[in-house]
Amino acid sequence: MTTRTANFHSIADGIYAWQPQQRGWGLANCGLVTDGGRALWIDTPYDRTLAAEFLRRTRAVLAPGTEVDRIVVTHANGDHLWGAGVLPDAEVITTREALHHIAYEPTPEQQQALLQNLDKDGDTGAYLHEHFGCFNWADTPPVVPDTVFTGELELRVGSIPVQVSSLPSAHTSGDLTVHLPTRSTVFTGDVVFGSTAEHPGDHPVHWAGPLGNVIDAVERLLDTGAETVVPGHGPLLTRADLRAHAGYLRYVRDRAHALHAAGRTAAEAARAVIDEARYPELGLPERLLVTIGTEYQHLDGTEPPAMLEVVGRMAHLARQREARTA
Ligand SMILES: [Zn+2]
């Protein structure tokens, strides 16, 4: 079960990371940048309770009279966006594509209703309840971005330059990354899911793809030269860890392409990659069904299936694997 506490600590002068437990769905890392009487968040926690806790911890380190007045959101998945409601006066900044994406994501209210109404004995209901049952979106209003952009956006927080870059379709259709060049730090959003030998994380899940764009995004992050990497989920990474992550992504892409060429279905390919167990330390291997399914959609020119169907497939596979190890 999920532990609802987070580590909040300074990672560079004026830069803080909020890190919930390092494995599991929906527990995104967030950031605080503050200098010269200004403060900016990078992403927000999934629900109001966690977001209020992040805000309380934030205010404890801000200089008197300073308030968070801008939030840069790396993409439109609720686990990065929905906590913004605790700062109703802050300017929410994201990509134009993320704004479009919000329109076809479920609202917090719809997600809450879905979770409550699903049969908890069925695979899908049991899976959602196990992984999302600790969140509460009952009082979470939908977040509407105030400012959207495509390309590069240059912000400043006091004397700290903040370089925000939108990406082509990768983890979602509207991702961005944040580079703090004077602090040698990048916040990657979910184009990177962190894992280290000391703190193993989870398999990434990529909804939009293709994986080539995710790999390009990781290469661009390496090109910044930043030494400290805050992934969307999981432990902080070094440049060597980030290079290793690019290796993971290339492996999954290359296996998906080879198995596609060999006539295997996406589900067969995902199971084959799981059974190869190249990364046995990573949790949530059922996510490979999504990531490899996404890659197949690009190879075949087909549309993604409905979200609940995707979750159902993951839930079924997770239950089968549990039964096998039990
Ligand atoms: Zn996420």
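Can you tell me which condition residue 244 does not meet? The list is (1) more than 23 Å from residue 25 (Cα to Cα); (2) open to solvent by 60 Å² or more (accessible area, probe 1.4 Å), and all the others hold.
Against the list (1) more than 23 Å from residue 25 (Cα to Cα); (2) open to solvent by 60 Å² or more (accessible area, probe 1.4 Å), residue 244 comes up short only on (1).
Could you list, in sequence order, all residues of segment 42-63 that are open to solvent by less than 10 Å² (accessible area, probe 1.4 Å) and either closer than 16 Å to residue 142 by Cα or not aliphatic (A, V, I, L, M) (or both)?
Answer for segment 42-63, where residues must be open to solvent by less than 10 Å² (accessible area, probe 1.4 Å) and either closer than 16 Å to residue 142 by Cα or not aliphatic (A, V, I, L, M) (or both): 43, 44, 45, 47, 51, 54, 58.
Yes or no: segment 53-64 includes at least one residue that is outside any helix (DSSP H, G or I) and in contact with a helix residue (DSSP H, G or I) (Cβ under 7 Å, 6 or more places away or on another chain). Steps first, answer last, please.
First, pick out the residues of segment 53-64 that are outside any helix (DSSP H, G or I): 62-64.
Restricting the remaining residues to those that are in contact with a helix residue (DSSP H, G or I) (Cβ under 7 Å, 6 or more places away or on another chain) gives none.
For segment 53-64, residues outside any helix (DSSP H, G or I) and in contact with a helix residue (DSSP H, G or I) (Cβ under 7 Å, 6 or more places away or on another chain): absent.
Does residue 294 count as of a type in the set (S, T, N, Q) and within 16 Å of the ligand (Cβ to nearest atom)?
Details: of a type in the set (S, T, N, Q): yes; within 16 Å of the ligand (Cβ to nearest atom): yes.
Considered against the rule, which asks whether it is of a type in the set (S, T, N, Q) and within 16 Å of the ligand (Cβ to nearest atom), residue 294 comes out as yes.
With the requirement that a residue be in contact (Cβ under 8 Å) with a residue 60 or more places away in the chain and either farther than 30 Å from residue 235 by Cβ or in a helix (DSSP H, G or I) (or both), what does segment 266-285 give you?
Going residue by residue through segment 266-285, those that are in contact (Cβ under 8 Å) with a residue 60 or more places away in the chain are 279, 281-285.
285, the sole residue that qualifies.
Are any of the residues in segment 75-95 assigned to a loop (DSSP other than H, G, I, E, B), of a type in the set (D, E, K, R) and more than 16 Å from the ligand (Cβ to nearest atom)?
Yes, segment 75-95 has at least one match.
Condition check: crowded, with 23+ Cβ neighbours inside 10 Å, among the hydrophobic types (A, V, I, L, M, F, W, C) and within 16 Å of the ligand (Cβ to nearest atom). Does residue 237 satisfy that? I'd like the intermediate steps shown before the answer.
Details: crowded, with 23+ Cβ neighbours inside 10 Å: yes; among the hydrophobic types (A, V, I, L, M, F, W, C): yes; within 16 Å of the ligand (Cβ to nearest atom): yes.
Spelling it out, residue 237 is indeed crowded, with 23+ Cβ neighbours inside 10 Å, among the hydrophobic types (A, V, I, L, M, F, W, C) and within 16 Å of the ligand (Cβ to nearest atom).
Quick one: which strands (runs of 3 or more DSSP E) lie wholly within segment 96-179 and hold at least 3 residues that are on the phi < 0 side of the Ramachandran plot and of a type outside the set (Val, Ile, Thr)? Don't jump to the end; show me each part of the working.
Details: elements: 147-149, 152-157, 160-166.
Of the strands (runs of 3 or more DSSP E) lying wholly inside segment 96-179, those with at least 3 residues that are on the phi < 0 side of the Ramachandran plot and of a type outside the set (Val, Ile, Thr) span 152-157, 160-166.
Kindly establish whether residue 178 is crowded, with 21+ Cβ neighbours inside 10 Å, farther than 30 Å from residue 292 by Cβ, within 16 Å of the ligand (Cβ to nearest atom) and within 20 Å of the chain's Cα centre (by Cα).
no
Using beta carbons and a limit of 9 Å, which pairs, at least six apart or on different chains, have the first residue in segment 229-242 and part of a helix (DSSP H, G or I) and among the acidic types (Asp, Glu) and the second one within 15 Å of the ligand (Cβ to nearest atom) and open to solvent by 10 Å² or more (accessible area, probe 1.4 Å)?
Partner pairs satisfying both residue conditions: 241/195.
Looking at segment 1-41, which of its residues are more than 18 Å from residue 76 (Cβ to Cβ), modelled with pLDDT of 95 or more, within 16 Å of the ligand (Cβ to nearest atom) and open to solvent by 10 Å² or more (accessible area, probe 1.4 Å)?
Within segment 1-41, just 19 meets the criteria.
The values are calculated or read from the model by the stated rules, or taken from the named source; none is laboratory data. Computed from a predicted model, the values in this text were never measured in an experiment. Every residue, glycine among them, receives a Cβ derived from its backbone with ideal geometry; neighbour counts consider all protein chains shown. Only protein heavy atoms, including side chains, enter the accessible area calculation; ligands, DNA and RNA are left aside. Shrake-Rupley method; radii C 1.70, N 1.55, O 1.52, S 1.80 Å.
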